[in-house]
Structures are given as structure tokens and as C-alpha cells.
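Undergrad: Below are the C-alpha cells for one structure; questions will follow.
The values are calculated or read from the model by the stated rules, or taken from the named source; none is laboratory data. Since we're looking at a predicted model, the values are computed, not measured. Glycine gets a Cβ as well: all are built from the backbone with ideal geometry, and neighbour counts include every protein chain shown.
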Amino acid sequence: MIALLVAAASAACPQNGKDLPPTTRLEIAAQGALVTVRGAAGAKLALKPELDCSMVGNVLRVVVPDGTRDVTADVPSAIAVSVTVQRGNIEISGINGNVMADVGAGDVQISRVNGDVTARSAVGTLHLSDIAGRIDAAAQNNELRVTRARGDVRVSNVSGTTLLEAVQASNIMATTVTSEIICTCSPVGPGIWEMRTHTGAVRVAVGRNVEFVATLDAPPNASRVDMSGVSQQTEDKRKVTVVRGEGGTRMLLSSFSGGVFLLDQR
Amino acid sequence: MSDELTRRVRDALGPGRTSQTPPAELWSRIAAGTSLLPRRRFLDLRFATTGLAAATLLVAVGIFVRRRGVESPAPHAVQVVTIASLESIDAALSALRRDSASVPRVADEMLFLARMRASLQSDFPQRSP
């Protein structure tokens, strides 16, 4: 009984139930678990179940014991969050600081983040939505979806589909090897959108009032432009330059052996 | 075989002819007459040792399999997927090499694939289990 009481006392995190300074960075590491981090203005730290933790400088570190399946952390929204899981899922929402989520085998879902987001999933999906900061996301063989983002975007995939939906960004870099990139995006200023695949397809839809200079690079007859108010110039067997207005976003859309499509948003 | 043991075996077999006696009966006569049964003891000891070794091996294999089943299969899956991704890029690069790398567009695509390969290794570094 005494040993159990001692173990229970040592497992409790002293910061649980307390305020965390906005400069805090919460780091959670787990072997196999569903880790959920929910930010809310003015919230105090609430770890469920109660777990051991250590505070070093401004870093609050929580190591989840193996065998713990579900971990939920309610935190103040101002902090930064970093979660690493070998197998399992990560769900993070409502954070104003930077967010990092890295899962080996499992899915990542991040929403309502004002800071920068870094996300990795080797064997799983990445779903990021309502992100105000920069995005750096990489998957390998599963869907990578970004919805309603406002910062610069860098996304990389190998054989999974990459979807960029309602993304407003000056700069976008999207690359895949064998899969498709589908972008419904709007520029927020002059910048470069580079979307490139080796054997897949690139499909980009932009608003009718968006000015741009786009170079479509695909095998002969594998490019298609379905837009109003544009001028087109064929440079060689592979390349077509499409211009609307003066200046604007520079687009480089390329598929070595697949198709490239540039469309008006409906 | 020692002289003493030879004598005792001969005594156990007796003066009669043995060529027409079934081997099992001969052996039982020798066993009863000598009461040594050296071979039988040796076999028992060997069986016991072998049995113990087999049981130890089974337990070890069981523990190994159980640990592999319980402990993280994830790093293995991640490695397999990453290797498969790298191999798909390498296959694409090999296919391009058959084309002329002196063609600027092919050379540019090879550079792109090389960058994708480096990016993949950087985004998904090998982790220890």
C-alpha cells in the first residue's frame, strides 16, 4: 500500500492544475498512444491520466509510459507544443505557439494553430486545417491534406495524394514522386508556387481575378489550361507559359511523365 | 569393453548357442546378468540433456516472439516504408539513366529526384526502436 502511494505521488506532474507561462514548450513523447493536446485561452494544465513530468527551463517534458493508450493534455493556448509518437495518433488543436507533431506509424490531425506547424507521418495521414503560420509537412504513402492555411507552405509526399484546399499563401512548395497534387489556392502577394511530381499529376485551380505567370511543364499534349482571360505561349514540346494580368504569382507546375492542369476556381 | 565386463556378458549368455536367439532376449539376459546397463544410463542422461536444451530453446523463442509482438512494430514499419520510398525513387532514377542524361530536361529531372531522396532522408531520419 505504501509503495503504491509513493508510486502515485511520484507519478504526478507538479505543474498539473497550474498556469503555464506563454513561453512554455510542452513536449510529449510516447511509444504507442493516442495523444490529444487541446489549447484554450486561460486554461490550466490538465494531464489525463496523471503522468510524471519534468520542467527544464521553459520546456515541460512528459514521457508517456508504454502501455498508456490515451493521453489528453488541456493547455493554455499561448504555449508551444511538440508531440512525438512511434505508433498511434496525434491530435492537436487551439494552439497559438508553434506546433511540431511527428508520428512513425499513425495519423496526425492539427487544427486551429496560429504558429508554425511542422508535421511528419511515415505511415499515416496528415490533416492540417486552419493554420495561420508556416507549414512544413511530409508524408510518404498516405494522404496529406492542408485546409485553410495562410502562411507559406512546404509539403512533400512520395506516393500519397497531396491536397491543398483554400490555401492562401505567397509561397508554396509541393512535391511528390508518383502521386497527385491538387491545389485550390489563392496568392496573398507576389511569390513562387512550385508544384512538381515525377509521374503523377498536378492540378491547380485559382480564382478568376488572380494574376499570375505560370509555366506548365509536361509531356506533349499532357497540359491543359481551362481558364478565362489568359494568354498562352508554347515554348517547346513540353512547356507552355500562361499569363493573366501583369506580374503576380510565379507558378512552376511540372510533371515529368504525367499531366498538368490549370483551371479557374468555380 | 573391459575383460571383466566381457566375462560377465559371457556368463549371462550362458553356454548355449546365441545365433538363433532373438536379439531382444539376448539383450534382456545381458541386462539381467550384468545389471550394469551402461548404455541405457548414457541414453537417459543424453535425453535429459537434450530435453533440457530443447525446453530452454523453446522458452527463449517464446520470450523473443512475445517481446517482438508486444514491443513496437512501428519502427520496423517505418523503416520498411522509408526503404520502399527510397527504392521507388532509385528505380525512377535508374529508368532515367537509360535515357540520355545529356538532355537538359532529363538531367533536371534526375536532380529533382535526387533532391526528393535527400529530402526524404532528412524528413524521416532512422530512429532507434
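Undergrad: When A:Thr178 is evaluated against the numbered criteria (1) touching a His at 6+ places or on another chain (Cβ under 9 Å); (2) more than 19 Å from A:Val108 (Cα to Cα); (3) more than 10 Å from chain B (Cβ to nearest Cβ), which criterion, by number, is the only one it fails?
TA: The one condition A:Thr178 does not meet is (3).
Undergrad: Tell me the residue from A:Val158, A:Val167, A:Val188 that is at pLDDT 95 or above, outside any strand (DSSP E or B) and among the hydrophobic types (A, V, I, L, M, F, W, C), please.
TA: On the way: A:Val167 fails: outside any strand (DSSP E or B); A:Val188 fails: at pLDDT 95 or above.
Sole residue among the options that is at pLDDT 95 or above, outside any strand (DSSP E or B) and among the hydrophobic types (A, V, I, L, M, F, W, C): A:Val158.
Undergrad: Oh, and also: Can you find, within the stretch A:114-127, the residue that is surrounded by the most Cβ atoms within 10 Å (Cβ to Cβ) among those that are over 10 Å from the mean Cα position of the chain (by Cα) and within 14 Å of chain B (Cβ to nearest Cβ)?
TA: Quick first cut of the stretch A:114-127, residues over 10 Å from the mean Cα position of the chain (by Cα) only: A:114-115, A:121-125.
Narrowing further to those that are within 14 Å of chain B (Cβ to nearest Cβ): A:121-125.
Details: A:Ser121: 30, A:Ala122: 27, A:Val123: 20, A:Gly124: 25, A:Thr125: 19.
Restricting to residues being over 10 Å from the mean Cα position of the chain (by Cα) and within 14 Å of chain B (Cβ to nearest Cβ), the top hit is A:Ser121.
Undergrad: Among the residues of the stretch A:232-262, count how many are assigned to a strand (DSSP E or B) and within 13 Å of chain B (Cβ to nearest Cβ). Before you say what the answer is, go through the steps one by one.
TA: First, pick out the residues of the stretch A:232-262 that are assigned to a strand (DSSP E or B): A:232-234, A:239-244, A:249-255, A:260-262.
Pick out the ones that are also within 13 Å of chain B (Cβ to nearest Cβ) and you get A:239, A:252, A:254-255.
Going through the stretch A:232-262 one residue at a time, the tally reaches 4.
Undergrad: Here's a follow-up. Search the stretch A:1-25 for residues that are within 17 Å of A:Thr72 (Cα to Cα) and part of a loop (DSSP other than H, G, I, E, B) and pair each with any residue that is among the acidic types (Asp, Glu) and at pLDDT 85 or above when their beta-carbon atoms are under 6 Å apart and the residues are at least 6 apart or on different chains.
TA: Close Cβ pairs (under 6 Å, with a partner that is among the acidic types (Asp, Glu) and at pLDDT 85 or above) amount to A:Ala12/A:Glu50.
Yes or no, residue by residue, for (1) in a strand (DSSP E or B); (2) more than 14 Å from chain B (Cβ to nearest Cβ); (3) surrounded by fewer than 19 Cβ atoms within 10 Å (Cβ to Cβ):
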position: A:Ala78; (1), (2), (3): no, yes, no
position: A:Glu91; (1), (2), (3): yes, yes, yes
position: A:Arg112; (1), (2), (3): yes, yes, yes
position: A:Ser129; (1), (2), (3): yes, yes, yes
position: A:Arg145; (1), (2), (3): yes, yes, no
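Undergrad: Among the residues of the stretch A:149-172, are any within 14 Å of chain B (Cβ to nearest Cβ), basic (Lys, Arg) and surrounded by fewer than 23 Cβ atoms within 10 Å (Cβ to Cβ)? Please lay out each step first, then the result.
TA: Quick first cut of the stretch A:149-172, residues within 14 Å of chain B (Cβ to nearest Cβ) only: A:154-160, A:162.
Still in the running and basic (Lys, Arg): A:154.
Adding the requirement that they be surrounded by fewer than 23 Cβ atoms within 10 Å (Cβ to Cβ) leaves A:154.
Yes, some residue in the stretch A:149-172 is within 14 Å of chain B (Cβ to nearest Cβ), basic (Lys, Arg) and surrounded by fewer than 23 Cβ atoms within 10 Å (Cβ to Cβ).
Undergrad: Within the stretch A:97-110, how many residues turn out to be touching a Pro at 6+ places or on another chain (Cβ under 8 Å) and more than 14 Å from every other protein chain (Cβ to nearest Cβ)?
TA: So the answer is 1.
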